[in-house]
Amino acid sequence: MKKLWNQNNEAKALIVSTILTLIGFCGTVFLFWLQRYDIPLAVLVGGGITILSWLVLYLLKKTGKPHTKIEIAVMFSRLIVVTSLAVIFAILAYHAFIVIFSPIAMIIAYFVVSLTSVIIFSRKGE
């Protein structure tokens, strides 16, 4: 556990968001057998967006140069991607009756993983 807290903040958030996404997916994987595959896939997509954004921020931090504009762009693009995916799949579900994953479950999973990662990010800051 000490090795986790010795990492930089982006690495901590990346590790925590990956663990939370895997726990959330494993906790909802039984829904595949109940023909509700949209919820586990939504958890995977919502958490995956968070994981990818923290990975990009970690790689930017690893270079050692300040990339403030890119970091802000990554944060805003994460919100744009989540919002656009939710709108697209809500339209597909309610107008075309094509259910790939649940937009509500995706937003909830994204919110939970992001909020927990930010709490861990700010709890023991550098």
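What the table shows:
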{"quantity": "Area accessible to solvent at residue 71, 1.4 Å probe radius, in Å²", "calculated": "60"}
{"quantity": "Residue-normalised accessible area of the chain, expressed per residue, 1.4 Å probe, Å²", "calculated": "63"}
{"quantity": "Loop trypsin sites (Lys or Arg not before Pro), segment 1-99, which have at most 16 other Cβ atoms in a 10 Å radius of their Cβ (DSSP)", "calculated": "36"}
{"quantity": "For segment 20-37 and segment 45-104, distance of Cα centres in Å", "calculated": "20"}
{"quantity": "Charge tally in the Cβ shell below 15 Å around residue 63, where Lys, Arg are +1 and Asp, Glu are -1, residue 63 excluded", "calculated": "+2"}
{"quantity": "Modelled FRET efficiency - R0 25 Å, residue 116 with residue 62, Cβ distances, 0.05 increments", "calculated": "0.65"}
{"quantity": "Percent accessible area from carbon and sulfur atoms, the chain, protein chains only, probe 1.4 Å", "calculated": "75"}
{"quantity": "Cα-based helix-to-principal-axis angle, 68-95 vs the chain, degrees rounded to 10", "calculated": "10"}
{"quantity": "Chain lengthening between residue 32 and residue 80 when straightened (0.36 nm per residue, less Cα-Cα)", "calculated": "14.4 nm"}
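The values are calculated or read from the model by the stated rules, or taken from the named source; none is laboratory data. The shown structure was predicted, so the numbers you read here are calculated from the model rather than taken from an experiment. Glycine also receives a Cβ, built like all others from the backbone with ideal geometry; neighbour counts cover every protein chain displayed. Remember, those area values only see protein heavy atoms, side chains included, never the ligands or the DNA or RNA. Shrake-Rupley method; radii C 1.70, N 1.55, O 1.52, S 1.80 Å.
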